[in-house]
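The values are calculated or read from the model by the stated rules, or taken from the named source; none is laboratory data. Because the structure is a prediction, the values reported are computed rather than measured. Every residue, glycine as well, gets a Cβ built from its backbone with ideal geometry; the counts of neighbours run over all protein chains shown. All accessible areas refer to the heavy atoms of the entire protein, side chains included, with ligands and DNA or RNA removed. Shrake-Rupley method; radii C 1.70, N 1.55, O 1.52, S 1.80 Å.
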Amino acid sequence: MTTTSLAKAARPGAERAAARRGPWRYFLRHRAFYIMLAPGLLYFLVFKYLPLTGSFIAFQDFNIFKGFSGSEWVGLKWFRQLIEYPNFGRLIKNTLVISLYQIVFAFPLPILLALMLNEVRQMAYKRIVQTVLYLPHFLSWTIVFGLSYMLLSPTNGLFASIFSGMGADGGILQQSEYFRPVIIISGIWKEMGWNAIIFIAALAGISPSLYEAAKMDGANRWKQFLHISLPGLLPAIMILLLLKIGHILDSGFEQIYQFLTPAAFETGDVLDTYTYRVGILQGQYSITTAIGLFKSVIGFVLLVIANRVSRWTTGEGIY
């Protein structure tokens with residue numbers, strides 16, 4: 001064994017010994033990695049963990065002038081008020097229905113797109129298609145709503161005459177029954193290409209030798225997908241699906257707020273838009289904090305249950 005090989009073999013033991021001698025010496029030895037890690041840790045600390053300290057506002061009659069210490073404690077008052085709100089059932093129903101539509105219709109399409117792009121062999125054409133599909137992600141929802149209005153306007157929209165023949169008088173954006181399809185379709189158009197990036201990366205990580213061996217064994221494209229591509233995509237699919245389930249009460253405030261009209265409240269008013277009305281417009285910080293805590297608890301419980309089911313059925317999970 002050469003001197004270089006002996007040094008490499010002894011390196012893990014030396015690093016463990018340095019870590020035992022003192023964490024600071026170990027930190028200084030690997031300071032470059034910790035410096036690169038610092039911005040990400042700082043982001044989560046400032047924007048994710050520190051705001052959790054304000055969750056107890058949900059149990060106070062919070063007054064912005066009295067502050068945390070001077071506000072009166074009211075227990076579960078705001079949670080009871082939320083549940084007793086006359087339109088609470090409508091809010092929950094709309095939120096769950098839109099989120100389930102997104103999971104059923106919007107979630108599988110980036111996977112199919114990634115699989116189709118993976119079959120393209122002309123790299124120039126593949127890059128052009130990917131770029132065109134990624135571009136809508138960088139448009140704000142305000143611009144997307146403007147484009148939708150130009151297409152669906154009841155007076156001069158591009159498809160006004162078509163929809164008027166369907167009995168909608170061209171006013172698709174003013175019809176409550178069409179609100180959810182518009183939300184789902186616009187979301188798919190905007191985010192499908194961007195969401196496919198993770199699945200394209202997962203497919204790129206599959207060894208080409210597996211496909212070559214399958215071809216030699218006589219496997220066609222369907223067999224290759226079933227036994228190579230799908231198992232390779234399964235970890236990414238399950239992790240993203242579990243995260244989506246954990247955020248099932250977050251149906252996308254910015255998109256829905258842009259498209260929501262008074263006529264579409266029956267099918268489009270969700271927990272996020274109600275939170276905006278009572279929290280930002282009316283300044284009721286306690287009940288909005290209670291809504292956020294309620295959503296977090298429900299999402300956490302659903303995530304734990306879905307993760308256990310995923311572990312039991314597919315062997316994949318977040319933890």
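Of A219, A196, A306, which is the most mobile in a GNM of the chain whose springs link Cα atoms less than 10 angstrom apart?
Of A219, A196, A306, the Gaussian network model singles out A219 as fluctuating most.
Near R90, within a Cβ-to-Cβ distance under 10 Å, what is the net charge of the other residues, with Lys and Arg +1 and Asp and Glu -1?
Charge balance near R90 sits at -1.
Using the basic label-point model (7 angstrom from Cα toward the beta carbon), what is the I64 to R221 distance in nanometres?
For the pair I64/R221, the computed spacing is 5.9 nm.
Running a GNM on the chain with Cα contacts under 10 Å, which residue among L240, L139, L112 ends up with the highest mean-square fluctuation?
Maximum among the listed residues: L139.
Hey, can you grab everything whose amide H is under 5 Å from the amide H of Q60? Only 5+ residues off in sequence or another chain; H modelled, so Pro and N-termini drop out.
V74
Using only alpha carbon pairs under 8 Å that are at least six residues apart, calculate the relative contact order of segment 44-139 and give it in whole percent.
Working: 26 pairs, mean separation 12.3, N = 96.
After rounding, I find 13 percent.
What does the accessible area per residue of the chain come to in Å², with a 1.4 Å probe and no ligands, DNA or RNA counted?
Roughly 62 Å² per residue, with all protein chains present.
Please report the relative contact order for the chain, taking Cα pairs under 8 Å with a sequence separation of at least 6, and give it as a percent rounded to a whole number.
Once divided by the residue count of the chain, the mean separation gives 23 percent.
Before anything else, pin down the relative contact order of segment 215-319: Cα pairs under 8 Å, at least 6 apart, normalised by residue count, whole percent.
36
For segment 39-100, what % of the accessible area comes from carbon and sulfur atoms, probe 1.4 Å? The partial results should precede the final answer.
Numbers: 2950 of 4250 Å².
Using a 1.4 Å probe with all protein chains present, segment 39-100 comes out at 69 percent carbon and sulfur.
Provide the per-residue ³J(HN,Hα) series for segment 126-142, in order, calculated from phi with Karplus coefficients 6.51, -1.76, 1.60 and θ = phi - 60°, each as a whole number of Hz, with x at glycine and proline positions.
Values, residue by residue: 4, 5, 5, 5, 4, 5, 4, 6, 6, 4, x, 4, 8, 8, 6, 5, 5 Hz.
Along Cα→Cβ, 7 Å out, is where each label goes; now give me the distance between the ones at L234 and E316 in nm to one decimal.
0.8
Could you give P(r) for segment 218-267, binned at 10 Å from zero, as whole percent values over all Cα-Cα pairs?
Computed distribution, short to long bins: 20, 26, 22, 18, 12, 2.
Whole Å is fine, so just give me how far the alpha carbon centre of segment 27-92 lies from that of segment 262-293.
Measuring centre to centre over Cα atoms gives 17 Å.
Name the shape class, rounded, prolate or oblate, that the alpha-carbon gyration tensor gives for segment 54-140, where a ≥ b ≥ c are the square roots of its eigenvalues, rounded holds for a/c under 1.5, and otherwise prolate holds if a/b is larger than b/c and oblate otherwise. It would help to have the intermediate numbers written out before the result.
Details: a/c = 4.87, a/b = 2.53, b/c = 1.92.
Since a/c reaches 1.5 and a/b is larger than b/c, the shape of segment 54-140 is classed as prolate.
Round to a whole number: what % of the accessible area of segment 238-319 belongs to carbon and sulfur, probe 1.4 Å?
Whole-percent figure for carbon plus sulfur exposure: 67.
For a 27 Å ceiling on Cα separation, which of these pairs sit above it: K77/K295; K93/K244; K190/K215; K93/K190; K190/K244?
Long pairs (Cα-Cα over 27 Å): K190/K215.
If each DSSP helix of 4+ residues adds -39,500 (n - 2.57) and the sum is divided by the residues in the chain, what number results at 222 nm, nearest 500 deg cm²/dmol?
Details: 18 runs with 208 residues, N = 319.
Theoretical 222 nm ellipticity from helices: -20000 deg cm²/dmol.
Which cross-chain or sequence-distant (5 or more) residues have an amide H under 5 Å from the amide H of Q284, H modelled 1.01 Å from N in plane?
HN-HN under 5 Å from Q284: G279.
Quick one: 3J(HN,Hα) in Hz for segment 281-293, Karplus 6.51/-1.76/1.60 with θ = phi - 60°, rounded, Gly and Pro as x.
7, 9, x, 8, 6, 5, 5, 5, 5, 4, 5, x, 5
Testing the spin-label approximation: label points 7 Å from Cα along Cα→Cβ at Q81 and R277. State their distance in nm.
Label-label distance for Q81 and R277, simple model: 1.5 nm.
Give me Rg over Rh for segment 187-319, both radii from the alpha carbons and Rh done the Kirkwood way, two decimal places.
1.14
Please report the net charge: other residues with Cβ closer than 11 Å to the Cβ of D272, K and R +1, D and E -1.
Here the charged neighbours net out to -1.
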